[in-house]
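Just so you know, all these numbers are worked out from the coordinates, no wet-lab data involved. Here the structure is a predicted model, which is why all the values come from computation and not from measurement. All Cβ positions, glycine included, derive from the backbone under ideal geometry; neighbour counts span all protein chains shown.
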Amino acid sequence: MARDWRFVTNHATVLFEVVLDPDARIQGIATRLGLTERTVRSVLNDLVASNYVTRTKVGRSYQYALVDDTRMRHSRLRHIPISELAALLRSDAPARMP
């Protein structure tokens, strides 16, 4: 029997949600991704601490925004700014291999 695993990490999927909808709330992200709100909050805290996203208080909630010039963390991908991944997600750039 195959183990249950995901090709894309929780951090990546939460980041994708922020890219696609900066006004998304934690509850909505959790529901769409099938994660707990606690997991989403933890991932967002990691992304903020690692300078992948910023968090701004807007009224009673937060708005998250991508930090475009942050580079990918993997040693083989550090030359790629996160903004290129975001462009692919937004479909404003053709897919390409580094």
Considering only the stretch 69-86, state which residues are of a type in the set (D, E, K, R) and not in a helix (DSSP H, G or I). Asp69, Arg71, Arg73, Arg76, Arg78
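Table: residues versus (1) in contact with a helix residue (DSSP H, G or I) (Cβ under 7 Å, 6 or more places away or on another chain); (2) part of a helix (DSSP H, G or I).
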position	(1), (2)
Trp5	no, no
Ala12	no, yes
Phe16	yes, yes
Ala24	yes, no
Thr39	yes, yes
Asp46	yes, yes
Asn51	no, no
Thr56	no, no
Of everything in the stretch 26-37 that's among the hydrophobic types (A, V, I, L, M, F, W, C) and outside any loop (DSSP other than H, G, I, E, B), which residue is surrounded by the fewest Cβ atoms within 10 Å (Cβ to Cβ)? Leu33
